[in-house]
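A short worksheet on the structure shown next.
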Protein chains: 2
Amino acid sequence: MTSANASGSGPMFKRVALIGMGLIGSSISHALRRGGLAGEIVGHARTAETRATALRLGLVTAAYRSATKAVVGADLVILCSPVGVYGAIAAEIGPHLAGGAIVTDVGSVKAAVVRDVAPHMPAGVHFVPGHPIAGTEYSGPESGFATLFDNRWCVLTPPTGTDQAAVQRLRALWEAMGSNVEVMSPEHHDLVLAITSHVPHLIAFNIVNTAAHLERVTDSEVIKFSAGGFRDFTRIAASDPTMWRDVFLNNREAVIEMLGRFAEDLAHLQRAIRFGEGETLYRQFSEAREIRKGVIQAGQDTAAPNFGRADGPAVTGAPTSVEPKR
Amino acid sequence: MTSANASGSGPMFKRVALIGMGLIGSSISHALRRGGLAGEIVGHARTAETRATALRLGLVTAAYRSATKAVVGADLVILCSPVGVYGAIAAEIGPHLAGGAIVTDVGSVKAAVVRDVAPHMPAGVHFVPGHPIAGTEYSGPESGFATLFDNRWCVLTPPTGTDQAAVQRLRALWEAMGSNVEVMSPEHHDLVLAITSHVPHLIAFNIVNTAAHLERVTDSEVIKFSAGGFRDFTRIAASDPTMWRDVFLNNREAVIEMLGRFAEDLAHLQRAIRFGEGETLYRQFSEAREIRKGVIQAGQDTAAPNFGRADGPAVTGAPTSVEPKR
């Protein structure tokens, strides 16, 4: 599987080892092959089923049961498993990593990843943690696709003292896979993602469960009448439970801090409802529209109504503005 | 504007008056014209701009500044304004309604609508409250489209003693506009919608505002890294603030009850995070997937990853299942 990348100067890495081949690992394979960015892609998966699927789909040319065997000779190793097993994997593969190799990951938390992985990295190996902020509610090797990272952000959180050439090589790779790249500290990453990803997922999981356990409203009613807003939450709440368990166990402080702010603000809104304070509600609801405009202008979501769902308007003309009006 | 409906037996109503022509009012016009269901459609809007737009788009053949004039001679009147002004409108139009006319509405709350509107309905006029559970984050007369109600549910909440023939005529109309129809009490409607629509909107408004007012995370970061889940909430939070203010002011008890349940469940999850109870988190997250499957099976959402957003996979093949796995 030798191919040239877009610049015609050959692949950016000779042998890429994917440790884990779920939604993100398989999407990386698609994006690497789209760009001709890797001379060879091999992978490790825990289950025989995933290994067989990865080979069948052509995600990798070799699929290993042993993570240790997968990393032999790789100049880039990407951890794509749930973050809860990173420590054990790092301990296992550490002694077998090639000199000069770059090790990175795609985990949704970063401080805990540095804590768990860095101690196992031998001298001469460059550990550059990363997090592509992209995904869908589906999981497994068949759910990946080449465009997943296009125009999404990938955050790199190299610990102090990391080799800058390694950081630049990884940045160039993510950019070649379609991403924008930003570098920040692991701790700041965890704080930002707590509010933009972790708490939103937690409250989506939570409201779906609240709805499912009401005595006076049936599950059937919750499902039938979900188009009023609830269905959007069910999509987020369909995300991989193992991945999300590990995220919350490994970003406790930031998540609990953000949940505290969320609860405080929600109590404020609830009090406004209780006492009929329409002005407060109107003001808060209007302000939220501004952030939506920013998200669309930044290219991070579609402006099409209902996300452009199949049941939306057939016309492609611009809908009316989201300007608040009385 | 005379046309025959699908059954070839002529329009179902001779003259339909839309009181308010925003997203829902304009979509009703599109759906009525698609099916040839109305002999004539006229409307009332408060602003000259909306009236001009409605005429330009052909939503109505006459657009009145006065709601009273709009309802003259109408055999169907549909209130499509924010529910906070229903009482005043009902008092105004009541004396001018035609004998035998059906008056309905599209408001997101129902007990308060019965309270505010019913006392103003003269004898011989049939008041059948309704709520089509469909919408987008856009508002105004240009945001409507004919397919908005297709395969969505419309709930009718006729007060005890309502003429059953009137209920049946309205049911048939909504079915002809593409909807499924269910009849329930106003109080039960308000409880069901509190959990499937009102509380989801409130927590979306709330988290967007929480994110916007953090000291340690900038608005720019919130927007850039929104693809991790937050962007979905910004869409819901872009909904019309006037409409939602009125919803919360008019469904206080059910919303506060559901918020209490939501907060209780969220505290339970937060405690599990604090004490590192991975099993509890995994179990709760896994259960949420079942509800998502029900929503898709019921045809209330697309199974396409990320709602089928334009940045999703190009292939139309089925993605992998949302079965939980360890």
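The values are calculated or read from the model by the stated rules, or taken from the named source; none is laboratory data. Note that the coordinates shown come from a computational prediction; the quantities given were computed from them, not determined experimentally. When we count neighbours, we look across all protein chains shown, and the Cβ atoms used for this are built from the backbone with ideal geometry, even at glycine.
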Out of the residues in the range B:107-116 that are of a type outside the set (S, T, N, Q) and in a loop (DSSP other than H, G, I, E, B), state the one that is farthest from the chain's Cα centre (by Cα). B:LYS110
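Please work out if B:THR280 is farther than 19 Å from A:PHE248 by Cβ and either modelled with pLDDT of 90 or more or among the hydroxyl-bearing types (Ser, Thr, Tyr) (or both). Give the derivation first.
Details: farther than 19 Å from A:PHE248 by Cβ: no; either modelled with pLDDT of 90 or more or among the hydroxyl-bearing types (Ser, Thr, Tyr) (or both): yes.
Spelling it out, it is not the case that B:THR280 is farther than 19 Å from A:PHE248 by Cβ and either modelled with pLDDT of 90 or more or among the hydroxyl-bearing types (Ser, Thr, Tyr) (or both).
Residue check: is A:ILE207 in contact with a Gly (Cβ under 7 Å, 6 or more places away or on another chain), crowded, with 24+ Cβ neighbours inside 10 Å and assigned by TED's automatic domain parsing to the domain that holds A:PHE262?
Working: in contact with a Gly (Cβ under 7 Å, 6 or more places away or on another chain): no; crowded, with 24+ Cβ neighbours inside 10 Å: yes; assigned by TED's automatic domain parsing to the domain that holds A:PHE262: yes.
Criteria not met by A:ILE207.
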If you check B:PHE248, B:PHE230, which single one turns out to be within 7 Å of another protein chain (Cβ to nearest Cβ), in contact with a Pro (Cβ under 6 Å, 6 or more places away or on another chain) and at pLDDT 95 or above? B:PHE230
For the range B:117-130, the count of residues that are under 19 Å from the mean Cα position of the chain (by Cα) and surrounded by fewer than 21 Cβ atoms within 10 Å (Cβ to Cβ) equals 0
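Could you tell me whether any residue of the range B:154-176 is free of Cβ contacts under 8 Å to residues at least 60 places away in the same chain, within 11 Å of chain A (Cβ to nearest Cβ), part of a loop (DSSP other than H, G, I, E, B) and under 23 Å from A:THR234 (Cβ atoms)? Walk me through it before giving the result.
Of the range B:154-176, the ones free of Cβ contacts under 8 Å to residues at least 60 places away in the same chain are B:154-165, B:167-168, B:171, B:174-175.
In the following step, the residues that additionally are within 11 Å of chain A (Cβ to nearest Cβ) were identified as B:154-155.
Narrowing further to those that are part of a loop (DSSP other than H, G, I, E, B): none.
For the range B:154-176, residues free of Cβ contacts under 8 Å to residues at least 60 places away in the same chain, within 11 Å of chain A (Cβ to nearest Cβ), part of a loop (DSSP other than H, G, I, E, B) and under 23 Å from A:THR234 (Cβ atoms): absent.
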Exactly one condition in (1) over 17 Å from A:ILE207 (Cβ atoms); (2) in contact (Cβ under 8 Å) with a residue 60 or more places away in the chain; (3) more than 7 Å from chain A (Cβ to nearest Cβ) is not met by B:SER220; state its number. (2)
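Do we find a residue being closer than 26 Å to A:ALA134 by Cα, hydroxyl-bearing (Ser, Thr, Tyr) and within 18 Å of the chain's Cα centre (by Cα) anywhere in the range A:288-306? Spell out how you get there, then give the answer.
Initially, the range A:288-306 is screened for residues closer than 26 Å to A:ALA134 by Cα, giving A:288-306.
Filter once more, so that each one left must be hydroxyl-bearing (Ser, Thr, Tyr): A:302.
After this cut, where a residue has to be within 18 Å of the chain's Cα centre (by Cα) as well, the list is none.
Checked against the condition, which is being closer than 26 Å to A:ALA134 by Cα, hydroxyl-bearing (Ser, Thr, Tyr) and within 18 Å of the chain's Cα centre (by Cα), the range A:288-306 yields no hits at all.
Quick grid of which residues meet (1) surrounded by fewer than 20 Cβ atoms within 10 Å (Cβ to Cβ); (2) of a type outside the set (A, V, I, L, M, F, W, C); (3) more than 7 Å from every other protein chain (Cβ to nearest Cβ):
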{"site": "B:ALA267", "(1), (2), (3)": "yes, no, yes"}
{"site": "B:ILE273", "(1), (2), (3)": "no, no, no"}
{"site": "B:GLU279", "(1), (2), (3)": "yes, yes, yes"}
{"site": "B:ARG283", "(1), (2), (3)": "yes, yes, yes"}
{"site": "B:GLU287", "(1), (2), (3)": "yes, yes, no"}
{"site": "B:GLU290", "(1), (2), (3)": "yes, yes, yes"}
{"site": "B:VAL295", "(1), (2), (3)": "no, no, no"}
{"site": "B:ALA298", "(1), (2), (3)": "yes, no, no"}
{"site": "B:ASP301", "(1), (2), (3)": "no, yes, no"}
Given the conditions (1) under 13 Å from B:LEU202 (Cβ atoms); (2) out of contact with any Ser or Thr (no Cβ under 9 Å at 6 or more places or on another chain), which single one is not true for B:GLU287? (1)
Does at least one position in the range B:220-236 carry a residue that is surrounded by 24 or more Cβ atoms within 10 Å (Cβ to Cβ), under 20 Å from the mean Cα position of the chain (by Cα) and aromatic (Phe, Trp, Tyr)? yes
